[in-house]
1. Counting only protein heavy atoms and a 1.4 Å probe, tell me what percentage of the chain's accessible area is made up of carbon and sulfur.
2. Probe radius 1.4 Å, ligands and nucleic acids left out: which of L87, L128, L146 has the largest accessible area, and how do the rest follow?
3. Please work out, to two decimal places, the log10 of the ratio I(q)/I(0) at q = 0.21, 0.24, 0.26 Å⁻¹ from a Debye calculation in which every Cα of region 14-102 carries one identical scatterer.
4. Along the Cα→Cβ direction, 7 angstrom out, place labels at L5 and A88. What is the inter-label distance in nm?
5. For the chain, what is the accessible area per residue in Å² when the probe is 1.4 Å?
6. Taking the inverse of the average 1/r across all pairs of different Cα atoms in the chain, what Kirkwood radius in Å do you get?
7. Treating only the Cβ of Lys, Arg, Asp and Glu as charged (+1, +1, -1, -1), what charge dipole size does region 1-116 show about its Cα centre? Round to the nearest 20 debye.
8. When a/c is below 1.5 the answer is rounded, else prolate if a/b is larger than b/c, else oblate, so apply that to region 63-138 with a ≥ b ≥ c taken from the square roots of the Cα gyration tensor eigenvalues.
Amino acid sequence: SIGGLFLGSGGNINGLSISGLITMAENEKSVISGIAISGIGIFAGKAINGLAIGGLGVGSNENIMGLGIGGLGVGTDGNITGIASSLACIFCKKNFQGIAVTGGYLKSEMFQGVAIAGYAKTNQMYGLSIALYNRTKELHGVQLGLLNYAENNPRGFRMLPFLNLHF
């Protein structure tokens, strides 16, 4: 599918989708599968599966699986499985499994994998987080950064510079 400015569907979008501004599968049960490239943004009511590149952002209500690249942000109220990258923000309301890279803010309920961010905030972190400031309630892995906070560490070891760990 190719849309000069807008590419939209009330149902699913499958295969290769390219639009100048916006690609949207607007129904709450709609899925974008395959490769989607859009100048401003890509949004799916339910899920994005595959490769999604949005000039400003990539988002879905439930899940993103695959590779999501958003100029300013990648986000979902559900889960992200795979790789997400943006300049400003990656938001995952539930579970993130994979690799996240952002110069700004990373937020996830549970994160499993490798996170690289300006500020990484999670409730549970499993793996490696590299950020200027890392903050988690429950660390199961390693934090590298200027300041690293792991609430499940003993007092005196919760906030540490450069390196914090808990296994």
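1. The nonpolar share, carbon plus sulfur, comes to 66 percent.
2. Ranked list, largest accessible area first: L87, L146, L128.
3. Normalising to I(0) and taking log10 leaves -0.84, -1.12, -1.32.
4. About 2.3 nm separates the two model spin labels.
5. 47
6. Result for the chain stands at 15.9 Å.
7. Here region 1-116 has a charge dipole of around 100 debye.
8. Note, shape of region 63-138 comes out oblate.
The values are calculated or read from the model by the stated rules, or taken from the named source; none is laboratory data. Fair warning: this is a prediction, and the values are worked out from it, not measured in the lab. Note that we place each Cβ from the backbone using ideal geometry, even for glycine, and neighbour counts take in every protein chain shown. Please note that ligands, DNA and RNA were not included when accessible areas were found on the heavy atoms of the full protein model with its side chains. Shrake-Rupley method; radii C 1.70, N 1.55, O 1.52, S 1.80 Å.
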